[in-house]
Amino acid sequence: MIINHPLLGPRDSQEFVYLGDASLIGRPDWQASDAQQQFYEYLYLRDNPAGLHRELWFHEQGDRSWLVVTRNTLTHEITSVELARDVARALGRDI
Amino acid sequence: MRYSGFRLIKEVLTGHKGWTPAWRDAEPKPHYDIIVIGGGGHGLATAYYLAKVFGKSNVAVLEKGWIGGGNVGRNTTIIRSNYLLDGNEPFYEFSMKLWEGLEQDFNYNAMVSQRGVLNLCHTDGQRDAFTRRGNAMRLHGVDAELLDQEGVRKIAPFLNFDNARFPIKGGLLQPRGGTARHDAVAWGYARGADSRGVDIIQNCAVTGFRIQNGKCLGVETTRGFIGANRVGCAVAGWSGSVMAMAGMRLPIESHVLQAFVSEGLKPLLPGVITFGAGHFYVSQSDKGGLVFGGDIDGYNSYAQRGNLPVVEDVCEGGMALMPMIGRARLLRMWGGIMDMSMDGSPIIDRTDIDGLYFNGGWCYGGFKATPASGWCFAHLLANDAPHPVSTAYRLDRFRTGRMIDEKGAGAQPNLH
Ligand SMILES: Cc1cc2nc3c(=O)[nH]c(=O)nc-3n(C[C@H](O)[C@H](O)[C@H](O)COP(=O)(O)OP(=O)(O)OC[C@H]3O[C@@H](n4cnc5c(N)ncnc54)[C@H](O)[C@@H]3O)c2cc1C
C-alpha cells in the first residue's frame, strides 16, 4: 500500500507503524465524573467497520509525523491522508 | 449414511453410485428454537453439540456464503493446548480431548494427526518462560516436554541451529499437539448436525436483528425474517460488523492473516515447528506441501487477502529457520479475516440483549478451539449458563479488569 503523505508525497506503508482507530486521538478527560466508563470505551471498544475506516499511522522511518489515513478495509484503497495534528486541532485540541 | 471401510469397499465395487450428499440443502423455516449465525467451524460445532449433547434439534445455522468458506477452511490447521493462563488452559485441553475422539464421534475422517507441536526457544529468558509454561501445563494434567538443543536436533536436525541472531537453544514440545484437516472438520460437523435435524442454510446472510424491548426475536436475512427464541453469533472475522447491527461495539478489531503452501515434497517435517522469535510456523500436509504462516498484516482489514510485505517477512522467517526451504516453490497463498480481541483471548457469553449470545474474538488461534468452542457455546445457548471451562470468557472482562492476556501485550490487538 502507498500512503500519500501530505508533506512528503507517496510513501510505502512499510515505513509506517499502525496504531488503530483514529478516534484514539480523542483521549477522554481523566477528571470527568464518568472517566472510568469513558476510558474503558476508549481503550477497548471499537467500531471496526467493514468499509471506510479512519486510522492512525506513524511515519516511524520518515518524518515521525502521525497521520490520519482514511482507508477502505474491504479493498485496502486509501482515499484521504491528513496530518493527525490538523485533525486534532480541528477537534479543538491545542496539541 | 454411515461411513466405514465396508461401505467404501462396497462403493468401489459398485462404481461409487451409492454415495448421497453429506447434508441437506435446507430451506429456512419461519421460526427456530435456536439460530446460530455463521457456518464456520464454531457455528457448525455449536449446532452439532446442541443436537447431540443438549437435545436441541429445532436449530438452524445461517451462512452467508458456503459452509467452510471462512477461516475454518483458511487456517494452517494446528491444534494444541499449550497455554499458560488458568482461564485458557482447561478450555484448550478440553478441546484437545474432543479432537482425540472427534472422528469416532462424528463418523468422519478429519485426519486428526497428533504429530507434536514444538515451540523453539532462542534465549535463556525464553527458555525460562517455556519452563514456566510447561510446568503450568503439567499442573493442569497436560503433556509437555522441555527439550535442550540435542533434543531438538534429534527431532529436526535440518534446522539452522547456529543462526547468529536466534541460535536454537531448545524447545517446548507438546507431543499430543498436531494438525487436523480443516475443511473436513466443517463438513463432519455439518453432516453430524444435519443428520440430527439441524437445518444448514447456505447463501443466507444475516442483515439485521429484530429486537423489541431489549429482547431479540430473530434475525433479518437475505432470505427474509427468521424468528428464534435464542440467537447465537459465531461469525469469526465478521463479529464487529454483525454485532454492530445489534447496536453493540466490541473489544475487537478485524485483521487479515495469510497462509502459504509450497509444492509437494517428500516427508520432511515430523510435526509442527514454531519459531516465535522470528514469527514463522510450519508443518507438512499429508500431500507433502509445507503449510506455513507468520504475522498478521497489522492493520484492520476485511479483505480476504493480504499484501506483499508480509509475504516477504514470512519467507524471511522461514529462510532463517530452515534455509533449505529456499529451494521449494510457493504454490498458493491466501488470507483470512480474524476477530482480534483486545487481550488476545476469546469471548463466549450472553449479551445485554435478552436472547442474543456471542461467540468470537478467536484471533488467529481459534481452529484448535473449534470442538470446545462449539460445545461451550451450545451449553450456553441450551442452558443459558456458561460451561465450567469457559467461565472466564466474559464480554465485560475489559471493564472489570479481568483480562486474559496470554502474551502480556496489553490492549493492542495487532500485537496478540
Ligand atoms: C491464515 C490463517 C491461519 C490460521 N491458523 C490457525 C492454526 O494453525 N490453528 C488455529 O487454532 N487457528 C488458526 N487460525 C484461526 C482460526 O482459523 C479461526 O480462529 C477460526 O477458524 C474461527 O472460527 P470459525 O471457524 O467459526 O470461523 P469462520 O470459518 O470464518 O466462520 C464464520 C462464518 O460466518 C459467516 N458469516 C459472516 N457474516 C455473516 C452474516 N452476516 N450472516 C451469515 N453468515 C455470516 C462467514 O461467511 C463464515 O463462514 C488461522 C486463521 C487464518 C486466517
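The values are calculated or read from the model by the stated rules, or taken from the named source; none is laboratory data. Bear in mind the structure is a predicted one, so any value in this text is a computation, not a measurement. Cβ: placed from backbone, ideal geometry, glycine included. Neighbour counts: every protein chain shown. To get the accessible areas, we keep the full protein, side chains included, count just its heavy atoms, and leave off ligands, DNA and RNA. Shrake-Rupley method; radii C 1.70, N 1.55, O 1.52, S 1.80 Å.
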Would you calculate the separation in nanometres between label points at B:GLN104 and A:TYR18, each defined as 7 Å from the Cα along the Cα-to-beta-carbon direction? 4.4 nm
Summed for both chains, how many Å² of accessible area, to the nearest 100, are buried between B and A with a 1.4 Å probe? 2200 Å²
From the C-alpha gyration tensor of the range B:314-416, pull out the three semi-axes of the equivalent ellipsoid (sqrt of 5λ each), sorted largest to smallest, in whole Å. 34, 17, 11
Can you return the lysines within cross-link range of B:LYS56? Criterion is Cα-Cα under 18 Å, with same-chain partners fewer than 8 residues away left out. B:LYS29
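Per residue, how large is the accessible surface of the range B:86-185? Use a 1.4 angstrom probe and give square angstrom.
That works out to 45 Å² per residue.
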Taking the dipole of the range B:1-159 about the Cα centre (Lys, Arg +1; Asp, Glu -1; charges at Cβ), the one of B:ILE35, B:LEU139, B:LEU120 that reaches farthest to the positive side is B:ILE35
If you place +1 on the Cβ of every Lys and Arg, -1 on the Cβ of every Asp and Glu, and leave all else neutral, what size is the dipole of chain B about its Cα centre, to the nearest 20 Debye? 820 debye
Grab the beta carbon distance between B:SER4 and B:GLN412, set R0 = 41 Å, and tell me the FRET efficiency rounded to 0.05. 0.25
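What FRET efficiency comes out for B:ASP352 versus A:GLN38 if R0 is 25 angstrom and r is the Cβ-Cβ distance? Round to the nearest 0.05.
Between B:ASP352 and A:GLN38 the formula returns 0.85.
With n ≥ 4 as the cut-off for DSSP H runs, can you work out [θ] at 222 nm for the protein assembly as shown, using -39500 (n - 2.57) per run divided by the number of residues, rounded to the nearest 500?
So the calculated ellipticity at 222 nm is -7500 deg cm²/dmol.
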Semi-axes of the protein assembly as shown's equivalent ellipsoid from the Cα gyration tensor, sqrt of 5 times each eigenvalue, largest first, rounded to whole Å? 35, 32, 22
How about B:LYS154: which lysines have a C-alpha closer than 20 Å to its C-alpha, ignoring those fewer than 8 places off in the same chain? B:LYS169, B:LYS266
On average, how much area does the Cα convex hull of the range B:1-65 cover when viewed from any direction, in nm²? 6.0 nm²
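List the trypsin sites (Lys or Arg not before Pro) within the range B:293-386 that DSSP assigns to loop and that have no more than 12 neighbouring Cβ atoms inside 10 Å.
Answer in residue order: B:ARG329.
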What lysines sit close enough to B:LYS97 to cross-link, taking a C-alpha to C-alpha distance under 19 Å and skipping anything fewer than 8 places away on the same chain? B:LYS52, B:LYS368
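In whole percent, and with a 1.4 Å probe on the protein chains, what portion of the accessible area of the range B:87-163 is carbon and sulfur?
Values: 1760 of 3640 Å².
Within the range B:87-163, the accessible surface is 48 percent carbon and sulfur.
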How far is the Cα center of the range A:61-91 from the Cα center of the range B:208-279, in Å? 28 Å
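Counting only other chains, and only Cβ atoms inside 10 Å, what mean value do you get across the residues of A:33-46?
4
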Partner chain coverage, peptide A:72-78 - average Cβ within 10 angstrom: 5
Can you give the net charge of the other residues whose Cβ lies under 12 Å from the Cβ of B:ALA205, counting K and R as +1 and D and E as -1? 0
Within 10 Å of each candidate Cβ there may be at most 11 other Cβ atoms; applying that plus a DSSP loop requirement, which GluC sites (Glu not before Pro) in the range A:4-85 survive? A:GLU60
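If we count every other residue with Cβ under 15 angstrom of A:THR73's Cβ, Lys/Arg +1 and Asp/Glu -1, where does the sum land?
Neighbour charge sum, excluding A:THR73 itself: -3.
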Please give the average number of partner chain Cβ atoms lying within 10 Å of the Cβ of each residue in B:297-308, rounded to a whole number. 6
